[in-house]
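Contents: one structure, followed by commentary.
Just so you know, all these numbers are worked out from the coordinates, no wet-lab data involved. Quick caveat, the model's predicted, so the values are computed rather than measured.
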């Protein structure tokens, strides 16, 4: 059986749900439970590449990512859980003149909020990432404070930090319904019992749409297919490569120990499941 009542119920035990729990408990909101239908990280977080990039098109988003970088470094001491954060820097490639102008505008934003960012030539980018071809590259931005993190470890660091401040986590508990009265969620029904609550947080990731439907709230989200490639380990991958993004060619590259990971956002991506709705059993597929 689950707890009878809690002020806050969080649905979803991925990086977002556990981060919400962590930050709420740090703010003093400790009367909360988190429900995860399987095990922590089994969902979007399991599929995540773990890129940590600070530069965004909006000032507030960039500040949020600056905070995320600092958090990746400090949460290890707070929780006792390593996050696997590697501050190797990032390259953002411009393969068109329009993209290069966009990057230069972003450099002005970065300067205004104290984010270290360097505009560099294609040759300088290749010196940082010797495996890349610079054919068609107009220029690049290098952000030395960026890097990559292990999503699994980071999520468990959030969870440990929240648990030590009083949050309760229930794994293997499936949410079946949300009771709404006078436009407010009052109960969450699970396969292990019903819990009274004041606030429900939908952090269900791939399943956020289904959870929203339970409360009569439309969530415009669904699953789509993407390709993700991991090379075989060889002795030819240099150490401490930065992460690399090429938005014109719709791909990213992340270093792994002795290997490289490639992913992207393909045009015309195929919707997963029925109308983007994935079965709850889809966790680590």
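A few points about this structure:
- The share of C-alpha pairs in region 76-231 whose separation exceeds 20 Å stands at 70 percent.
- Share of Cα-Cα pairs in region 159-285 lying beyond 19 Å, as whole percent: 66 percent
- Angle in degrees between helix 97-112 and the longest Cα principal axis of the chain, rounded to the nearest 10: 70 degrees
- Rg(Cα) / (2.2 N^0.38 Å) computed for region 1-55, rounded to two decimals: 1.29
- The long axis of helix 151-163 is offset from the longest Cα principal axis of the chain by roughly 40 degrees.
- Note that region 13-158 shows a convex hull volume over its alpha carbon atoms of 129 Å³ per residue.
- Once the Cα atoms are used to define both axes, helix 15-26 deviates from the longest principal axis of the chain by about 70 degrees.
- Longest to shortest principal axis, alpha-carbon extents of region 1-99, angstrom: 59, 26, 25
- Calculated over the chain: convex hull of Cα atoms, volume per residue (Å³): 150 Å³
- The mean of 1/r over all distinct Cα pairs in region 46-93, once inverted, gives the Kirkwood hydrodynamic radius of 12.1 Å.
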